[in-house]
1. Out of LEU124, LEU133, LEU84, LEU108, report the one residue that is within 30 Å of GLN181 (Cβ to Cβ) and either of a type in the set (A, V, I, L, M, F, W, C) or open to solvent by 10 Å² or more (accessible area, probe 1.4 Å) (or both).
2. Pull up the stretch 44-67, narrow it to residues that are part of a helix (DSSP H, G or I) and open to solvent by less than 60 Å² (accessible area, probe 1.4 Å), then point me to the one that is nearest to HIS452 (Cα to Cα).
3. Hey, does the stretch 461-469 have a residue that's open to solvent by 60 Å² or more (accessible area, probe 1.4 Å) and in contact (Cβ under 8 Å) with a residue 60 or more places away in the chain?
4. For the stretch 386-445, enumerate the residues that are basic (Lys, Arg) and within 18 Å of VAL470 (Cα to Cα).
5. Mind listing whichever residues of the stretch 187-221 are assigned to a strand (DSSP E or B), polar (S, T, N, Q) and under 17 Å from GLY285 (Cα atoms)?
6. Could you list all residues from the stretch 69-95 that are within 27 Å of TYR198 (Cβ to Cβ) and in a strand (DSSP E or B)?
7. Just give me the residues in the stretch 373-402 being among the hydrophobic types (A, V, I, L, M, F, W, C) and within 14 Å of ILE363 (Cα to Cα), in sequence order.
8. Looking at the structure I just gave you, is PHE429 in contact with a strand residue (DSSP E or B) (Cβ under 7 Å, 6 or more places away or on another chain), among the aromatic types (Phe, Trp, Tyr) and over 20 Å from ASP488 (Cα atoms)?
Amino acid sequence: MAKRKIKVATRYSHSIPKLVCLDGDNGLLISTRYLNHILNINRSAMLMIVESGATLKEVIEEAAEAGLALPHSPYWWGLTIGGLLATGAHGSSLWGKGSAMHEYVVGLRIVTGASPGEGYAMVLSLDADHPDLDAAKVSLGVLGVVSQVILQLEPMFKRSITNFVTADSDLGEKAVEFGLQHEFGDMTWYPEQRKVVYRIDDRVSVEAEGNGVNDFIGFRPTLTLALRATRLAGELPFTHKNLRTEESQEAIGNAMSKCVDARVMTTTLMASAYGLTNNGLLFTGYPIIGYQNRLQSSGTCIDSLDDSLITSCPWDPRVEGEFFYQTSFSITLSKAKDFIQDVQKLRDLMHNSLCGLELYNGILIRYVKASSAYLGKEEDSLDFDITYYQSDDPMKPRLYEDVIEEIEQIGIFKYGGLPHWGKNRNIAFEGAIQKYPKAKDFLRVRDKYDPHGLFSNEWTNQALGLRRGVSIYKEGCALEGLCVCSEDTHCAPDKGYFCRPGKVYSEARVCTHLISQ
């Protein structure tokens, strides 16, 4: 047996960690581009059989054609079913089975390695009662190639959405109870502005009047020239920087400019209802009432015209547009209030330090329910999704680098946050597998399905605790989240950034900019 490494990838590739990287050049990368069919819809049983390369958008649309709905989903419809299941992707809800897509999987087919006598491959079918389904539903792709998935659907229904803006002074107290009050509710937090947007989002009768549509502004096609201008103006000499771009703001340490831009952006988003419309064309006021398939997810930029990249998704790597980090972790409901209050304390100590987050629409807070999946959530939790600036130069520190790093370490280490498997920097996965009580059960299934580790790579072995090395220690490693700094060289001492304790969480070690005496 050649024992070549095998990984499965999609044509879009949205995961940030190295889930699909091959170890070296001697490996096989399988694309699911043409493994993308809707195979069967059983209307009476409300079951759908799909191939793993089908996108979330395709599944939502086909279900709607049959008068059925996917109960919950991520907010971005460009994910494939196989990819979003492998990483535990979710929406927002504590009701019923919760918001994670894998909770609605009642069966799947997976191709694993086998002996020469068995033809080198074996196809296994796992039904709802199979003991290994809880390992396969969130697998990081290390068990084999998921080829088909059976999803449990519901009759089509409508939702009613109203965004309500208020002060964040009691967010810690309200955050937990809000999820119990509203089936699809979430929160968008703008900590520097001391505001939070509560999305009051509930199921209503299909007879309710309304045909609302969700076309989230951040997921719409964007002119690539505008994206390049915004990003690349920072590379011009200071005498030419008459635009307040993020690169130039970072270069001159202009936090106030970021704050001004963030307020303009958030005001615009709120006024335009974040892309919600009452009829597919105009926003005329709340509530927005519409069918589940038209509100649950969006992503029109991925379906934009083949226009030679005149427009693209803002983060498309083929254009020099947005380039960012994403830190995403789930904290149990019992600890969420304390985490929120720690972030507020840090904000109060470091004025203007969090405007950079608000340029990326603040902190998205979603609800995730406890799961039977071995690599799912052990308890009902709040998921905090934080997006922020990343420099093209890995050795270039960020404005208020220490504040973002401290928030990351407060969530991951102080409160034991579980990292989103498809997002995050390396440090979020340091010791993460030890937080999963059923990790040994998952590894037992992994050894049974793939004893030679053909579908694993160096990164998944590290993340699953089979090999050391999630953290990489070298000069400047903390700037990219490859390590938690333990010495000044892990930061950028030549640029004035030194390794120091956190301001609220004293056990944190962060890269702090020290002004020369």
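The values are calculated or read from the model by the stated rules, or taken from the named source; none is laboratory data. Keep in mind it's a predicted model, so treat the numbers as computed, not measured. Reconstructed Cβ throughout: ideal geometry from the backbone, glycine too, with neighbour counts over all protein chains shown. Each accessible area value is taken on the protein alone, full model and side chains, heavy atoms only, with ligands, DNA and RNA left out. Shrake-Rupley method; radii C 1.70, N 1.55, O 1.52, S 1.80 Å.
1. The unique qualifying residue is LEU84.
2. LEU56
3. Residues of the stretch 461-469 that are open to solvent by 60 Å² or more (accessible area, probe 1.4 Å), as a first pass: 466-468.
From the residues that got through so far, the ones that are in contact (Cβ under 8 Å) with a residue 60 or more places away in the chain too are none.
Scanning the stretch 461-469, I find no residue that is open to solvent by 60 Å² or more (accessible area, probe 1.4 Å) and in contact (Cβ under 8 Å) with a residue 60 or more places away in the chain, so the answer is no.
4. LYS423, ARG425, LYS435 - these are the residues of the stretch 386-445 that are basic (Lys, Arg) and within 18 Å of VAL470 (Cα to Cα).
5. ASN214 - this is the single residue of the stretch 187-221 that is assigned to a strand (DSSP E or B), polar (S, T, N, Q) and under 17 Å from GLY285 (Cα atoms).
6. Hits for the stretch 69-95 are ALA69, TRP76, HIS90.
7. Narrowing the stretch 373-402 to residues among the hydrophobic types (A, V, I, L, M, F, W, C): 373, 375, 382, 384, 386, 395, 399.
Passing the criteria: LEU382, PHE384, ILE386.
8. Details: in contact with a strand residue (DSSP E or B) (Cβ under 7 Å, 6 or more places away or on another chain): yes; among the aromatic types (Phe, Trp, Tyr): yes; over 20 Å from ASP488 (Cα atoms): yes.
So PHE429 passes the test.
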